[in-house]
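Notes for the one structure printed next.
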Amino acid sequence: ELALFSEAQEGFLRYRNTERQIQNLIHAIEDAGLTRQDLYTLYIDFSSAFNTINHDLLLQIMYDLGLPDDLIQVIRDLYSQARTTVRTEHGSTAPIMIQ
């Protein structure tokens, strides 16, 4: 059977929401702390929710929480002058700025 959504998908599914993802993240952080392992995670919200918050403030909070500088730089780079292309059966589009 072909699944349209990943089990990790929370958006657009009944009885699922961002609170579940936050709980998953908290559990992952706790597990990493107990096992003394590094944890790197990235959640991307393609519904434009990210552009409704202050990126600089979010990055500062990440710094204040003690996330590694190189990880913060990766996140900063993701949202600074980010571009994408769309590939179709007819070829790829010109680069599109992500705002």
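Nothing in this text is a laboratory measurement; each read-out follows from the coordinates by a stated rule. Every value quoted in this text rests on a predicted model; they were computed, and no experiment measured them. All Cβ positions, glycine included, derive from the backbone under ideal geometry; neighbour counts span all protein chains shown.
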| note | Rounded to the nearest 0.05, FRET efficiency between Gln23 and Thr84 (Cβ-Cβ, R0 25 Å) equals 0.25
| message | Which of the three applies to the range 52-99, rounded, prolate or oblate, going by the alpha-carbon gyration tensor with a ≥ b ≥ c and a/c under 1.5 meaning rounded? | response | prolate
| said: Net charge within 12 Å of Leu71 by Cβ-Cβ distance, Lys/Arg positive one each and Asp/Glu negative one each, not counting Leu71 itself? | reply: -3
